[in-house]
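**Q** Following this message is one structure expressed as structure tokens.
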Amino acid sequence: MKKHLMFGAVLAGSFVAQNAVAVDTVQVDGSSTVFPVSEAMAEEFGNANRGEIRVTVGLSGTGGGFKKFCRGETDITGASRPIRPEELELCKENGIEFIELPVAMDALSVVVSPQNDWVDHLTVEELQKMWEPEAQGVITNWNQVREGFPDRPLNLFGAGTDSGTYDYFTTAIVGEEHSSRGDFTASEDDNVLVMGVANDHNALGFFGLAYFLENQDKLKAVPISWKGGEPVEPTKETAGDGEYQPLTRPLYYYANKASVEEKEHVEKFAEFLFQEENGDLVSEVGYVPLGERVREAALRVLADREVGTAYQGSEVGVDVVETLEREKHY
Amino acid sequence: MKTLSENIKSGIDYASLSRKNRSRDIIFASLGIIVLFIAITTLVALFLDLAVRGAPRLTDPDFYTSFPSRRPLDAGILSAWVGTIMVMLVTAVIAVPLGIAAGLYLEEYAGKNWLTDVIEVNVSNLAGVPSIVYGLLALGLFVQTFGMGETVLVAGLVLSLLILPIIIVSTREAIRSIPNELREAAYGLGANQWQTMAMYIIPAAKPGIITGAIVGLSRAIGETAPIITIGALSFIAFLPQSPVSGDFPFISFEWLNSGFTVMPIQMFGWVSRPQADFQITAAAAGVVLIVMTLMMNALAIYIRYRARK
């Protein structure tokens, strides 16, 4: 009998009106790559506004995050790539206007095992030779990559094909988004890739800089040479000043314009992201904080409520300040 | 057909036959012990490995009372374990009565016709549907069509759907195992069908029914996929509103509409982080989740023991 009563009570409870929450809430969702930044910001912002403003962060992924965002379910969504045309269409259909803001820079590091003593640097062309779709089943030995490399099998590790990381890497290296050879070890869990490369003398892999920095004792980063330039090693500094290219990418927030305008706490949170002292939070979770010029430009875009995206598609080696100053399209 | 004595005369060696059979017994028994040993050691090794790795966090009382954090050594599971308990509560309150009632109806009341057959086959099949499918169903129906949001209630509903078939099937099994004589004796005493059920069948089948319910709930507690699909949060630094308050009307169901996170999601988030210390936190969360599951099973054993007495 007790059970029946409880069941009835739960049913009754489910009809209680929603959104009766008294405390203001900022709803953030989106990319798992951006998640650590969102989490750190949410934690500090929550502490600074205890009892007044709450921030919740979901982990739907870039694509899943946009789906929710464009239905108006979230205030801000994180993305590891610019919004796609079909996602933009969805937002338009639902009348969701957004402001595109960079939150941090991430570098993709190309890594080999510390026992690998033959690679001192690689050019983008050499990487392309390894990763392009035509290489499948053909480029299987290190000595095919460059004259003088030893006769050793080439074992490749990379991000799973559903991730923004994979999309960016293929755009930057192969030249075409979402196109690469298929015969490499792919995992959505970067820690699996770390272990894979660390335990295989003949391996080469790529993943976010944070995973390399946390595992420097097990891995060696390969300096990358682009367009005939000097090879550059991935570090927070070289990523921060845009020297490590084409594998440095900005991470984005897309803020719902209506939320920013109507909810004071959302605007407050958005501004909080670009305070200089909060750059340390970005650094702490393994990404590269935005420089002063980027922060100023982003704050201006936010203040002017500039709606739309600066991108026509994925681009590599972008200057973030320049993208912020571009004419946006929506 | 020869008789035994004829067989003995014709020279069949029964002594060696029986020795052979006995040695087969020994082989099978030792094989069984080896397999059991492998299974148990793997489990114990996994658990111990998690416990040892997670020990630094497990022994820290703050781990249980603080919210998640970007600093692995400050990160706690407060919102996760509270979320898990609330979701499980909703799941139990919805799935257990519905599942038992459905099982009773199908076994005792439903007429034997094609419709019942179709339902039976479907219920059994539903028990094998991957959990992500339930997640997608809930996303489409509860979250998007009904607009219920990503709440504790929706998570409880999807997990209820997930374990309903398990509870229904085990309820039926439990009832089927009650000897028909019991039923006939009750009818013989003049009891009607409801009286027979309520006073004889259900009490006799209770241990089996409860075990089924707890097995279902134990499955639900570790489910990640459907809860991620409906959009559970990963970082949440507050608890849903308390169900009991000092003001009128004292009981609030606001918590049902609250955002939430659960233990497996929190663990999943930590495992994929670059900092090695997060692996410790994840291991500790894993131990807590296993202990929660074991506690539920222990509860089942206790209830069954009491029901048998």
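**Q** Counting only the backbone N, which residues of the range A:32-62 are under 12 Å from the spot 7 Å out from the Cα of residue B:71 toward its beta-carbon?
**A** It comes to A:44, nothing else.
**Q** Which lysines does residue A:67 reach when only Cα atoms under 23 Å apart count, and residues fewer than 8 places away in its own chain are ignored?
**A** A:92, A:257, A:263, A:328
**Q** Could you work out, for chain A, what percent of all Cα-Cα pairs fall into each 10 Å distance bin, beginning at 0 Å and stopping at the bin that holds the largest distance?
**A** Computed distribution, short to long bins: 6, 25, 31, 20, 12, 5, 2, 0, 0.
**Q** Still on this structure, please answer the following. Over the Cα atoms of chain B, what is the Rg over Rh ratio if Rh follows Kirkwood? Display every interim value, and only then the final one.
**A** Values: Rg = 25.8 Å, Rh = 23.1 Å.
Rg/Rh for chain B comes to 1.11.
**Q** Residue A:283 versus residue B:98, label points 7 Å from Cα toward the beta carbon: distance in nm?
**A** So the two model labels end up 5.3 nm from each other.
**Q** Given charges of +1 on the Cβ of Lys and Arg and -1 on the Cβ of Asp and Glu, with all other atoms neutral, how large is the dipole of the protein assembly as shown about its Cα centre, in debye to the nearest 20?
**A** Values: 49 positive and 76 negative charges, 903 e Å.
Dipole size: approximately 4340 debye.
**Q** Would you mind getting me the FRET efficiency between residue B:177 and residue B:48? Use the beta-carbon distance for r and R0 = 35 Å, nearest 0.05. Don't skip to the answer; put the middle values down first.
**A** Numbers: r = 37 Å, r/R0 = 1.06.
Using R0 = 35 Å, I get an efficiency of 0.40.
**Q** Just to confirm a number: summing +1 for Lys and Arg and -1 for Asp and Glu over residues other than residue B:205 whose beta-carbon lies under 10 angstrom from that of residue B:205, what do you get? Write down the numbers at each step before the final one.
**A** Values: positive: B:172, B:176, B:206; negative: B:107, B:173.
Neighbour charge sum, excluding residue B:205 itself: +1.
**Q** As I understand it, the value is the acute angle between the Cα axis of helix B:202-221 and the longest principal axis of the Cα atoms of chain B; what does it come to in degrees, rounded to 10?
**A** Once rounded, one gets 50 degrees.
**Q** Right, next: Based on the Kirkwood radius over alpha-carbon pairs, what is the Stokes-Einstein translational diffusion coefficient of the range A:84-124 at 10 °C with 1.306 mPa s viscosity, in µm²/s? Before the final figure, lay out each step's value.
**A** Working: Rh = 14.9 Å.
The diffusion coefficient I find is 107 µm²/s.
**Q** Here's a follow-up. Taking the Cβ-Cβ separation of residue A:151 and residue A:195 as r and a Förster radius of 22 Å, what is the calculated FRET efficiency to the nearest 0.05?
**A** Working: r = 26 Å, r/R0 = 1.16.
The formula returns an efficiency of 0.30 here.
**Q** Roughly how many whole Å is it from the C-alpha centroid of the range B:40-103 to that of the range B:111-159?
**A** Result: 25 Å between the Cα centres.
**Q** Turning to a different aspect of this structure: Return the single residue from B:280, B:33, B:85 with maximal mean-square fluctuation; model: Gaussian network over chain B, springs between Cα atoms under 10 Å.
**A** In this elastic network of chain B, the residue with the biggest mean-square fluctuation among B:280, B:33, B:85 is B:33.
**Q** Given a Förster radius of 45 Å and the C-beta distance between residue B:17 and residue B:132 as r, what FRET efficiency does 1/(1 + (r/R0)^6) yield to the nearest 0.05?
**A** On the way: r = 54 Å, r/R0 = 1.20.
With a Förster radius of 45 Å, E is 0.25.
**Q** Follow-up question, since we're still on this one. Taking Rh as the Kirkwood radius computed over C-alpha pairs, what is the Stokes-Einstein D of the protein assembly as shown at 25 °C in a medium of viscosity 0.890 mPa s, expressed in µm² per second? Can you show the working numbers first?
**A** Values: Rh = 28.2 Å.
Calculated translational D: 87 µm²/s.
**Q** Here's another thing I want to ask about it. Taking only Cα atoms of the range A:245-330, what ratio of Rg to Rh do you get with Rh as the Kirkwood inverse-distance radius? Don't skip to the end; give the middle numbers.
**A** Details: Rg = 13.3 Å, Rh = 13.9 Å.
Answer for the range A:245-330: 0.96.
**Q** Ratio to report: Rg/Rh of the range B:1-140, with Cα atoms as the point set and Rh obtained by the Kirkwood method; give two decimals. Walk me through the numbers on the way to the answer.
**A** Details: Rg = 28.5 Å, Rh = 22.7 Å.
Over the Cα atoms of the range B:1-140, Rg/Rh equals 1.25.
**Q** Sticking with this structure for a sec: In the protein assembly as shown, what % of DSSP beta bridges are antiparallel (nearest 5)?
**A** Numbers: 28 of 45 bridges.
Rounded to the nearest five, the antiparallel share is 60 percent.
**Q** Quick check: pseudo-label points 7 Å beyond the Cα along Cα→Cβ at residue A:52 and residue B:302, how many nm apart are they?
**A** Calculated label separation equals 4.6 nm.
**Q** Here is a follow-up. About its Cα centre, how strong a charge dipole does chain A have in debye, to the nearest 20, once Lys and Arg get +1 and Asp and Glu get -1 at the Cβ?
**A** On the way: 28 positive and 57 negative charges, 235 e Å.
I would put it at about 1120 debye.
**Q** Okay, next question. Would you mind computing, in nm to one decimal, how far apart the modelled labels at residue B:25 and residue B:112 are, each placed 7 Å from Cα along Cα→Cβ?
**A** Reported label-point gap for residue B:25 and residue B:112 is 4.0 nm.
**Q** Note down the net charge around residue B:237, summing +1 for each Lys or Arg and -1 for each Asp or Glu among other residues with Cβ under 12 Å from its Cβ.
**A** On the way: positive: A:50, A:54, B:70; negative: A:39, A:43, A:44, B:74.
Net charge in that neighbourhood comes out at -1.
**Q** Further question on the same structure: If you build a Gaussian network model of chain B, linking Cα atoms that sit under 10 Å apart, which residue out of B:43, B:126, B:106 swings the most?
**A** B:43
Readers should treat all values here as calculations from the given coordinates under stated rules, not as data from a laboratory. The structure presented is a predicted model; accordingly, all values stated were derived computationally and were not measured. We place every Cβ from the backbone using ideal geometry, glycine too, and count neighbours over all the protein chains shown.
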